[in-house]
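S.K.: Quick one: structure below, then a few questions.
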Amino acid sequence: MSNQTKTLALIQQRKPRHVLSRELYIDPDVYRDDLAQIWHKEWIFAGHTFELEKPGQFMTLQIGDYPIVLVRGSDGELRAFHNVCPHRGSKVCQGSSGKSARLVCPYHKWTFGLDGKLLFAGNMGSDFDPLNHGLKQAHCAVVETYIYVCVAETAPDFEAFRQALTPFIAPHNLADCKVAYESTIVEKGNWKLVFENNRECYHCEGSHPELLNSFVENLSVAGIVGDEDPELAAFLDRCETGGLPSRLVMAEGGQYRITRIPLAANARSYTMDGKPAVSGRLDQSGVENIGALLYFNYPSTWNHFLGDHALSFRVLPIGPGETAVTTKWLVHKDAQEGVDYDLDNLTRVWIATNDQDRKLVEGTHAGVSSPVYEPGRYSDLAENGPCQFDDWYCETMKSRLAD
């Protein structure tokens with residue numbers, strides 16, 4: 001039995017509304033298929049355009065097997081390249097970010113322009129053609145400052161996602177933002193466990209006291225429990241009247257989902273007292289309390305937008321049992337730390353929440369690794385989110401492995 005056939009058989013054995021099997025979380029061959037069929041084929045969130053404003057600014061990331069560098073060109077264009085020197089294979093840009101007029105491989109000093117073209121390669125002889133030895137390009141797409149990269153030979157359609165997301169994000173004026181703080185943690189758990197944990201708040205009451213000062217899960221937002229309740233409807237109407245699209249939009253198959261939710265009574269932001277963490281507003285709606293706009297896009301990101309700041313989260317697999325989660329706190333570019341915001345107040349809730357989620361994911365990965373683990377049944381009331389994620393994962397993998 002081939003590895004792909006084995007993975008497909010494991011997925012086909014999953015019972016409806018049940019968690020995934022042990023092997024789908026921990027088997028190295030399944031992980032290889034996850035990379036090949038999802039991470040190496042989908043659009044992956046990389047970072048924000050305002051992190052690469054000037055020519056020569058770059059950032060790097062690892063998408064499964066593929067090291068990638070994003071760089072702003074001298075012509076202002078943003079490009080994604082495979083971060084692999086065409087000489088001996090060294091990573092050209094070895095830091096996580098930086099700025100350089102040229103991209104120089106540290107091994108033999110081959111030098112590339114910001115457009116990826118080879119400018120210098122010493123001692124290669126007269127028959128060497130530099131035009132055939134530039135950096136290989138990857139697909140790059142941008143929507144409302146969000147940079148997505150795809151390493152597949154042919155990238156899937158991006159336009160439907162762009163059209164769905166733009167009206168929701170545009171009023172938050174992210175182009176006028178900067179990263180106030182960035183955190184990357186490595187969770188000792190499979191990437192699917194990380195996303196399953198994010199997609200439900202069944203665990204929140206017992207695990208996230210800081211977050212629950214402001215966050216309230218509203219199941220009717222997703223149409224899970226009956227019709228839209230009147231209080232929620234009034235909140236959404238106020239936001240939409242103020243020019244903030246708010247009602248749920250979901251992709252066919254559920255790969256992405258965008259909606260706005262109200263926060264707890266009297267809460268305006270993710271802070272310990274619920275008060276705004278940053279003076280001033282990102283939006284210009286005039287609506288006093290806009291709650292939180294949420295969007296996720298499988299497999300790599302979830303996001304929160306509030307009146308005073310926004311948060312972007314990036315998920316990248318490192319191995320079958322390791323996942324990197326990067327959080328960026330976004331504030332207006334003119335906001336000054338110590339004047340317009342206190343950094344601890346801004347970051348305290350989600351630094352605590354991320355660490356709490358890390359412990360939950362790591363405990364679950366340790367548990368599902370046990371030979372006695374059997375997939376449990378998801379709650380019909382509180383766990384539709386992770387069940388929907390598992391459904392998307394299984395359907396995606398089944399269609400691609402069958403092909």
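We did not get these values from a lab; they are worked out from the coordinates using the rules stated. Just so it is clear, the model here is predicted, and its values are computed rather than measured. As a convention, Cβ positions derive from the backbone with ideal geometry for all residues, glycine included, and neighbour counts pool all protein chains shown.
S.K.: Name all residues of region 61-90 having a backbone nitrogen under 12 Å from the label point set 7 Å from the Cα of H133 along its Cα→Cβ direction, giving them as ranges.
M.R.: Under 12 Å, as judged by backbone N against the label point of H133, lie 85-89 of region 61-90.
S.K.: Hey, what do the phi angles of region 68-78 turn into as Karplus ³J(HN,Hα) couplings, whole Hz, using 6.51/-1.76/1.60 and θ = phi - 60°, x for Gly and Pro?
M.R.: After applying 6.51 cos²θ - 1.76 cosθ + 1.60, I find 10, 10, 9, 9, 8, x, 5, 8, x, 6, 9 Hz.
S.K.: Okay, moving on. Under a cut-off of 12 Å between alpha-carbon atoms, report the aspartates and glutamates in cross-link reach of K136, not counting same-chain residues fewer than 8 places apart.
M.R.: D115, E153
S.K.: May I ask you to evaluate 6.51 cos²θ - 1.76 cosθ + 1.60, the Karplus curve with θ = phi - 60°, for each residue of region 300-307 and list the ³J(HN,Hα) values in order in whole Hz, giving x for glycine and proline?
M.R.: Each residue's phi maps through the Karplus curve to give 10, 7, 9, 8, 9, 10, 10, x Hz.
S.K.: Then there's this: Could you give each residue of region 228-237 its phi-based ³J(HN,Hα) in whole Hz, using Karplus coefficients 6.51, -1.76, 1.60 with θ = phi - 60°, and x for Gly or Pro?
M.R.: 4, 6, x, 5, 5, 4, 5, 4, 5, 4
S.K.: Let me ask you something else. Can you tell me, using C-alpha contacts under 8 Å and at least 6 residues apart, the relative contact order of region 160-388 as a whole percent?
M.R.: 31
S.K.: Would you work out if the chain is rounded, prolate or oblate? Take a ≥ b ≥ c from the square roots of the eigenvalues of the alpha-carbon gyration tensor; rounded if a/c is under 1.5, else prolate when a/b is larger than b/c, oblate otherwise. If you can, show how the numbers build up before the last one.
M.R.: Working: a/c = 1.92, a/b = 1.22, b/c = 1.57.
It comes out oblate by the Cα gyration axes.
S.K.: Give the calculated FRET efficiency between Q336 and S74 to the nearest 0.05, with a Förster radius of 25 Å applied to their Cβ-Cβ distance.
M.R.: Plugging the Cβ-Cβ distance into 1/(1 + (r/R0)^6) gives 0.25.
S.K.: N3: net charge of surrounding residues, Cβ under 12 Å, Lys/Arg +1, Asp/Glu -1, itself excluded? All intermediate terms of the calculation are to be shown ahead of the outcome.
M.R.: Working: positive: K6, R32; negative: E23, D27, D29, D33, D34.
Overall, the nearby charge balance is -3.
S.K.: Oh, and also: Under 1.5 on a/c is rounded, so check that first for region 136-194, then, if it is not, pick prolate when a/b is larger than b/c and oblate when it is not; a ≥ b ≥ c are the square roots of the alpha carbon gyration tensor eigenvalues.
M.R.: Cα axes put region 136-194 in the oblate bin.
S.K.: Compute from the Cα atoms of region 160-388 the Rg and the Dmax, the latter being the longest Cα-Cα distance, and quote both in angstrom.
M.R.: Every Cα atom of region 160-388 included, Rg and Dmax give 17.5, 56 Å.
S.K.: So which cysteines of the chain have no other cysteine's Cβ under 4.7 Å from theirs?
M.R.: Flagged as lacking a Cys partner: C93, C140, C150, C177, C239, C387, C394.
S.K.: Using amide H atoms built in the peptide plane, which far-off residues or other-chain residues are under 5 Å from L78 H to H?
M.R.: G73
S.K.: Computed FRET efficiency, Cβ-Cβ of Y107 and F50, R0 30 Å: what is it to the nearest 0.05?
M.R.: Values: r = 32 Å, r/R0 = 1.06.
Efficiency, from the Cβ-Cβ distance: 0.40.
S.K.: If I take every Cα pair under 8 Å that is 6 or more residues apart in the chain, average their sequence separation and divide by the length, what percent do I get for the relative contact order? It would help to have the intermediate numbers written out before the result.
M.R.: On the way: 773 pairs, mean separation 82.0, N = 403.
Across the chain, relative contact order equals 20 percent.
S.K.: Counting Lys and Arg as +1 and Asp and Glu as -1, each charge on the Cβ, what is the dipole of the chain about the Cα centre in debye, to the nearest 20?
M.R.: Numbers: 38 positive and 53 negative charges, 247 e Å.
Dipole of the chain, to the nearest 20 debye: 1180 debye.
S.K.: Of K41/K188; K15/K328; K41/K359; K91/K398, which sit over 32 Å apart, Cα to Cα?
M.R.: Working: K41/K188 24 Å; K15/K328 37 Å; K41/K359 30 Å; K91/K398 34 Å.
Beyond 32 Å between Cα atoms: K15/K328; K91/K398.
S.K.: Starting from the Cα gyration tensor of region 149-285, take the square roots of the eigenvalues, sort them a ≥ b ≥ c, and report rounded, prolate or oblate (rounded when a/c is under 1.5, otherwise prolate if a/b is larger than b/c, else oblate). Walk me through the intermediate numbers first.
M.R.: Working: a/c = 1.25, a/b = 1.13, b/c = 1.11.
Judged from the Cα gyration tensor, region 149-285 comes out rounded (a/c under 1.5).
S.K.: Kindly state, as a whole number, the per residue volume in cubic angstrom of the convex hull around the alpha carbon atoms of region 1-142.
M.R.: On the way: hull volume 21.6 nm³, N = 142.
So the per-residue hull volume is 152 Å³.
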